[in-house]
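Novice: Take a look at this one; I'll ask things after.
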Amino acid sequence: MKYTPQHAAPQDAPARQNIAPVVCYPNETLPSFDANFYDQVRDGAQLVESVLVPPRDAKTFVVPAGHLFRIVSVDGSQVGDLNLWHQNNLNERFYSGKTRALHGTHVSRSDRLWSSFPYLRPMATITKDTLDWYGWDEFGGSVHDVIGTRCDPYTHKLLSNDDYHYCCHSNLTRALAAAKRISLQEAESHVHDVLNVFMCTGFMPDTHQYFMKASPVRPGDFLEMFAEIDLLGCLSACPGGDCSSEHSSDGAACYPLLVEIYQPLDQRLEFWSSTKKNQYNQEHGV
Ligand SMILES: [Zn+2]
C-alpha cells in the first residue's frame, strides 16, 4: 500500500511513468526444461513411500536425488506449505524470493525451485501440475505461489493479540525438530518462506495487498516434482484449509495431504546427473 502522496508530481511524471518495463531476470540462459526426460522418467516409476500429513500439522520426508515426489490432495480442498532443504545440509534451503524473481509469482510445470546462496541451484523441477488449467483468474489470482511467506504465530499475535500454535510456521518447526532431534529453537531458525502448494493468491488491484481465495484443488489433484538433489522436505497442512476465509485459527475445515515418493527405473536416469552448486568463486571483490 502507498501512503497518500505528500509531494506534487513533477511535470515529466507521465513520461517517467510510461517507460515500458523490462524483465529483471531474462531466463533464456537457464538450463532448459527437457520435457521428454521429465515425462519419460515417470514411466515405470515405483511408489516407494507415502507420508500422510494430518490437518494442522506437518511431516518431513526424504526424496533421494533422481526420484519424483507428489503432493496429493485427499479428502477435501486443502493447501500446503512446503519447505525444502538439502538432505544433509540445512543451510541449503529453498529460496522462495529468487524462485519468484526467476519464474514469477506462481509456479507450475517446467519451473525450478532454487536453493539459497551460495548454492543457488535447482533443488527440484516441477514436472506435472493437475491445476495447470487454472491459469490466471479475473482477479489476477493463480495457484502455487511464491509470494506468501507462511502463516505464523508472530504475525497473528501482532494482528489479533492471540497465541495460536498450529500455524504452518509452528507445524514446520515441530516436524523438523522431531525429525532432526534438535530443539524447537534450533529448528525454527531453519524454517523459511514456503512454496504455497494449491493455494490461490494474488494482489488486490487497488492496494496491491496480498489476497487469498478458495483453492480450486480437489481430491486427486497433485503437484509432482523431480528431486535434482537429495532433499529433506517438510509439508504443513495449513490451518486455513482451502484458505477461503481465514487462517491462523481452528475455524476452517482442514484435510490431510499426502506425499508420495516414486523411484524411477535405473535406465531412465542413465544420462542424468544431480545439479552442481553455483560456480561463483565467492571472492566478492576482495
Ligand atoms: Zn498456513
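Novice: Sort out which residues of the range 249-258 are more than 13 Å from the ligand (Cβ to nearest atom) and over 21 Å from residue 162 (Cβ atoms), and write them in order of number.
Specialist: 255, 256, 258 - these are the residues of the range 249-258 that are more than 13 Å from the ligand (Cβ to nearest atom) and over 21 Å from residue 162 (Cβ atoms).
Novice: For the range 143-161, name all the residues that are closer than 30 Å to residue 218 by Cα and part of a loop (DSSP other than H, G, I, E, B).
Specialist: Within the range 143-161, 146, 147, 148, 149, 150, 151, 152 qualify.
Novice: Could you check, for the range 83-104, whether at least one of its residues is modelled with pLDDT of 95 or more, within 16 Å of the ligand (Cβ to nearest atom) and in contact with a helix residue (DSSP H, G or I) (Cβ under 6 Å, 6 or more places away or on another chain)?
Specialist: yes
Novice: Regarding residue 236, is this residue under 22 Å from residue 140 (Cβ atoms), surrounded by 22 or more Cβ atoms within 10 Å (Cβ to Cβ) and not basic (Lys, Arg)? First the steps, then the outcome.
Specialist: Numbers: under 22 Å from residue 140 (Cβ atoms): no; surrounded by 22 or more Cβ atoms within 10 Å (Cβ to Cβ): yes; not basic (Lys, Arg): yes.
Answer is no for this residue.
Novice: Also, quick follow-up: Read through the list (1) surrounded by 17 or more Cβ atoms within 10 Å (Cβ to Cβ); (2) within 16 Å of the ligand (Cβ to nearest atom), then give the number of the only condition that residue 261 fails.
Specialist: Status for residue 261: all satisfied but (2).
Novice: I've got another one for you. Hey, any hits in the range 116-137 for a residue that's hydroxyl-bearing (Ser, Thr, Tyr) and under 27 Å from residue 283 (Cα atoms)?
Specialist: Yes, some residue in the range 116-137 is hydroxyl-bearing (Ser, Thr, Tyr) and under 27 Å from residue 283 (Cα atoms).
Novice: Sticking with this structure for a sec: Given the criteria farther than 30 Å from residue 68 by Cβ, surrounded by fewer than 17 Cβ atoms within 10 Å (Cβ to Cβ) and within 16 Å of the ligand (Cβ to nearest atom), does residue 164 qualify? Walk me through how you get there before you give the answer.
Specialist: Working: farther than 30 Å from residue 68 by Cβ: yes; surrounded by fewer than 17 Cβ atoms within 10 Å (Cβ to Cβ): no; within 16 Å of the ligand (Cβ to nearest atom): yes.
Here the answer is no, as residue 164 does not meet what is asked.
Novice: Just give me the residues in the range 231-243 being within 10 Å of the ligand (Cβ to nearest atom) and either among the aliphatic types (A, V, I, L, M) or touching a helix residue (DSSP H, G or I) at 6+ places or on another chain (Cβ under 9 Å) (or both), in sequence order.
Specialist: 236, 237, 238, 239, 240 - these are the residues of the range 231-243 that are within 10 Å of the ligand (Cβ to nearest atom) and either among the aliphatic types (A, V, I, L, M) or touching a helix residue (DSSP H, G or I) at 6+ places or on another chain (Cβ under 9 Å) (or both).
Novice: State which residue is nearest to residue 95 (Cα to Cα) when the search covers only the range 133-161 and only residues that are of a type in the set (Asp, Glu) and surrounded by 17 or more Cβ atoms within 10 Å (Cβ to Cβ).
Specialist: Initially, the range 133-161 is screened for residues of a type in the set (Asp, Glu), giving 137-138, 145, 152.
Still in the running and surrounded by 17 or more Cβ atoms within 10 Å (Cβ to Cβ): 145, 152.
Working: 145: 13, 152: 18 Å.
Of everything passing the filter in the range 133-161, 145 is nearest to residue 95 (Cα to Cα).
Novice: Evaluate the following for residue 223: is it crowded, with 21+ Cβ neighbours inside 10 Å, of a type outside the set (Val, Ile, Thr), under 14 Å from residue 82 (Cα atoms) and more than 15 Å from the ligand (Cβ to nearest atom)?
Specialist: For residue 223, the condition - crowded, with 21+ Cβ neighbours inside 10 Å, of a type outside the set (Val, Ile, Thr), under 14 Å from residue 82 (Cα atoms) and more than 15 Å from the ligand (Cβ to nearest atom) - is met.
Novice: Let me ask something additional. If residue 128 passes every condition in (1) within 21 Å of residue 63 (Cα to Cα); (2) within 14 Å of the ligand (Cβ to nearest atom); (3) among the basic types (Lys, Arg) but one, which one does it miss?
Specialist: Against the list (1) within 21 Å of residue 63 (Cα to Cα); (2) within 14 Å of the ligand (Cβ to nearest atom); (3) among the basic types (Lys, Arg), residue 128 comes up short only on (2).
Novice: Another one. Would you please name the residue that is nearest to residue 85 (Cα to Cα), looking only at residues in the range 256-274 that are within 19 Å of the chain's Cα centre (by Cα) and not aliphatic (A, V, I, L, M)?
Specialist: Among residues in the range 256-274 that are within 19 Å of the chain's Cα centre (by Cα) and not aliphatic (A, V, I, L, M), the one nearest to residue 85 (Cα to Cα) is 260.
Novice: Being within 16 Å of the ligand (Cβ to nearest atom) and over 25 Å from residue 127 (Cα atoms) is the filter here; which residues of the range 192-211 pass it? Reasoning before the result, please.
Specialist: So in the range 192-211, the residues within 16 Å of the ligand (Cβ to nearest atom) come out as 192-201, 210-211.
If the condition is that a residue be within 16 Å of the ligand (Cβ to nearest atom) and over 25 Å from residue 127 (Cα atoms), then 210, 211 are the ones that fit.
Novice: Sticking with this one: Across the range 167-189, which residue is surrounded by the fewest Cβ atoms within 10 Å (Cβ to Cβ) among those that are within 17 Å of residue 54 (Cβ to Cβ), out of contact with any helix residue (DSSP H, G or I) (no Cβ under 7 Å at 6 or more places or on another chain) and of a type in the set (Gly, Ala, Ser)?
Specialist: 178
Novice: Please pick out the residue among 246, 228 that is within 16 Å of the ligand (Cβ to nearest atom) and out of contact with any Asp or Glu (no Cβ under 8 Å at 6 or more places or on another chain).
Specialist: Answer to the selection: 246.
Novice: State all residues of the range 40-73 that are under 27 Å from residue 268 (Cβ atoms) and outside any strand (DSSP E or B); if no residue qualifies, say none.
Specialist: 40, 41, 42, 43, 44, 45, 64, 65, 66, 67, listed by residue number.
The values are calculated or read from the model by the stated rules, or taken from the named source; none is laboratory data. None of these values were measured; they are calculated from a predicted model. We place every Cβ from the backbone using ideal geometry, glycine too, and count neighbours over all the protein chains shown.
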